[in-house]
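Asks: Sharing a structure below in structure tokens format, with a few things to ask.
Only the coordinates and a few stated rules stand behind these numbers; no lab work does. These numbers come from a predicted model, not from an experiment. Glycine gets a Cβ as well: all are built from the backbone with ideal geometry, and neighbour counts include every protein chain shown.
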Amino acid sequence: MCVTIVVWKEEIEEQIPLDDKCPECNCKRIIFDDNRGQMICEVCGLVVKEKFIDKGPEWRAFDADQKKKRTRVGAPMTYMIHDMGLSTMIDWKNKDIYGREIPAKLRGQIYRLRKWQSRIRISDATERNLTFALSELDRMASNLDLPKNVRECAAKIYRDAVEAHLIRGRSIEGVTAASLYAACRTYKIPRTLNEISEIARVDKKEIGRSFRFITSELDLNLNPTKPKDYVVRFISELNLSQYCQKVALRIIDTAESHGLISGRGPTGVAAASIYAASILTREKRTQRDIARISQVTEVTVRNRFKELVENLNMGISLKRK
């Protein structure tokens, strides 16, 4: 017995325009026959269109277990793997596709297959470069607790640098760290060069040089970081309230309108604004604590705070430091 699966026209908008109607009776009650791939008028039975491509699987499943076993798709494509995740791999579990244990006499053969599979996945120097660089990038991103979209963006930037032959003469770690810093700037997730250099095993100056080089060669339009980008993270790490965060952001906006931010480091301005906001909201934090969280010196916090107090009418006396 043939079962016809019928759905309304609105459920297949990707294939059928919404303004289609039956040319025979001008009725818009058109249904889709999934088995035959035809559009049929429900009123007069005219076949309006036919030969639609079935984009579903060629197998059928009658319960969840069958569907799980018969689904053959793998993991999605990702820039975090050197071969984009498209190659096959032999699992290290000694079980077959049905979950049965592999006999002991075949385990040696399976072990050799795994070994050769891992070898042939990396066929040339470029793939070896990508394998090491992407694993290093994933390590740094994990230490910085960065989300998946930032990791994918950093991997894409590094791949573009490899294709443009920008890696030659530079360390892999330096370019990888620079790509990660560029991805953080792209998604406005503030991470300073000091934070990245601490976990990158590369000097801060080398990361900065590599960052400037790849951004100019790859035409990456990255806006400079602003003090407001750091406020939320610093406030969270200092355990300050949302009201203190609003006051700090308001201080930064006022300072920007008075031209006090130009030529100043964004982390120093953010730290001084948080220090001033903590005084105003009576959630006082010491300059040492704020300097440690923002990774600037206490002198920088003190100087930026002094500039804010002298130029903005905040009602704070410098003697209250």
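Asks: Positive end of the charge dipole of region 78-198 (Lys, Arg +1 and Asp, Glu -1 on Cβ, about the Cα centre): tell me which of Leu144, Ser118, Ser179 has its Cα farthest that way.
Replies: Farthest towards the positive pole: Ser118.
Asks: Just check region 138-214 against the gyration tensor rule for me: Cα atoms, a ≥ b ≥ c as the square roots of the eigenvalues, rounded for a/c under 1.5, and otherwise prolate or oblate depending on whether a/b exceeds b/c.
Replies: Oblate, since a/c reaches 1.5 and b/c is not below a/b.
Asks: Among the aspartates and glutamates, which fall within straight-line cross-link reach of Lys284, defined as a Cα-Cα distance under 16 Å, with same-chain neighbours fewer than 8 residues apart omitted?
Replies: Glu237, Glu298
Asks: Which of Met77, Met140 has the fewest other C-beta atoms within 10 Å, and how do the rest follow up to the most?
Replies: Met77, Met140
Asks: Would you mind getting me the FRET efficiency between Glu298 and Arg139? Use the beta-carbon distance for r and R0 = 30 Å, nearest 0.05.
Replies: Once the sixth-power term is evaluated, E becomes 0.40.
Asks: Sort His82, His165 so the one with the fewest other Cβ atoms within 10 Å of its own Cβ comes first.
Replies: Taking fewest neighbouring Cβ atoms as first place, the list is His165, His82.
Asks: Under the rule of at least 5 residues apart or a separate chain, name every residue whose amide H is placed under 5 Å from the amide H of Ile102.
Replies: Distant-sequence amide H within range of Ile102: Lys95, Asp96.
Asks: Then there is this: Does region 227-320 come out rounded, prolate or oblate by the C-alpha gyration tensor, with a ≥ b ≥ c the root eigenvalues, rounded set by a/c under 1.5 and, if not, prolate when a/b is larger than b/c and oblate if not?
Replies: Here region 227-320 falls in the rounded category.
Asks: Determine the alpha carbon to alpha carbon distance for each of Lys95/Lys115; Lys93/Lys156; Lys67/Lys105 and list only those over 27 Å.
Replies: Table pairs above 27 Å Cα-Cα are Lys93/Lys156; Lys67/Lys105.
Asks: Determine the dipole magnitude for region 227-283: charges of +1 sit on the beta-carbon of Lys and Arg, -1 on that of Asp and Glu, nothing else is charged, the reference point is the Cα centre, and the result goes in debye to the nearest 20.
Replies: 60 debye
Asks: Still on this structure, I have one more. Determine which residues of region 142-174 fall in the zone a paramagnetic label at Glu198 would reach in this model, i.e. backbone nitrogen under 14 Å from the point 7 Å along Cα→Cβ.
Replies: Correct set: 143-145.
Asks: Which FRET efficiency value, to the nearest 0.05, is calculated for Thr286 and Phe132 with the Förster distance at 51 angstrom and r the Cβ-Cβ distance?
Replies: 0.75
Asks: Can I ask one more? May I ask for the net charge around Gly45, where only other residues with Cβ less than 12 Å from the Cβ of Gly45 are counted and Lys, Arg are +1 while Asp, Glu are -1?
Replies: Combined, the nearby Lys, Arg, Asp and Glu give -2.
Asks: Taking amide H positions as placed 1.01 Å from N in the peptide plane, with prolines and chain starts having none, which residues 5 or more places from Lys49, or on another chain, fall under 5 Å of its amide H?
Replies: Sorted by chain and number, the residues that satisfy this are Met39.
Asks: Of the listed values [x] 22.6, 84; [y] 29.8, 91; [z] 19.0, 56, grab the one calculated as Rg and Dmax of the Cα atoms in Å from the structure here.
Replies: [y]
Asks: Add -39500 (n - 2.57) for each DSSP H run of 4 or more in the chain, then divide by its residues: what number comes out at 222 nm, to the nearest 500 deg cm²/dmol?
Replies: It lands at -16000 deg cm²/dmol.
Asks: Quick one: helix 242-257 against the long Cα principal axis of the chain, what's the angle to the nearest 10°, folded into 0 to 90?
Replies: 70 degrees
Asks: If you add up the charges near Ile90, with Lys and Arg at +1 and Asp and Glu at -1, over every other residue whose beta carbon is less than 11 angstrom from its beta carbon, what do you get?
Replies: Cβ neighbours under 11 Å give a net charge of +4.
Asks: How many nm separate the modelled label positions at Arg114 and Lys95, each set 7 Å beyond the Cα in the direction of the Cβ?
Replies: Simple spin-label model gives 1.4 nm for this pair.
Asks: In debye, nearest 20: dipole of the chain around its Cα centre with unit charges on the Cβ of K, R (+) and D, E (-)?
Replies: The calculation lands at about 1580 debye.
Asks: Provide the gained length on full extension for the span Asn35 to Glu50, in nm with one decimal, where the gain is 0.36 nm per separating residue minus the Cα-Cα distance.
Replies: That pair, Asn35 and Glu50, stretches by 4.3 nm at full extension.
Asks: Work through the residues other than Glu237 whose Cβ is under 15 Å from its Cβ and net out their charges, Lys, Arg +1 and Asp, Glu -1.
Replies: Charge balance near Glu237 sits at 0.
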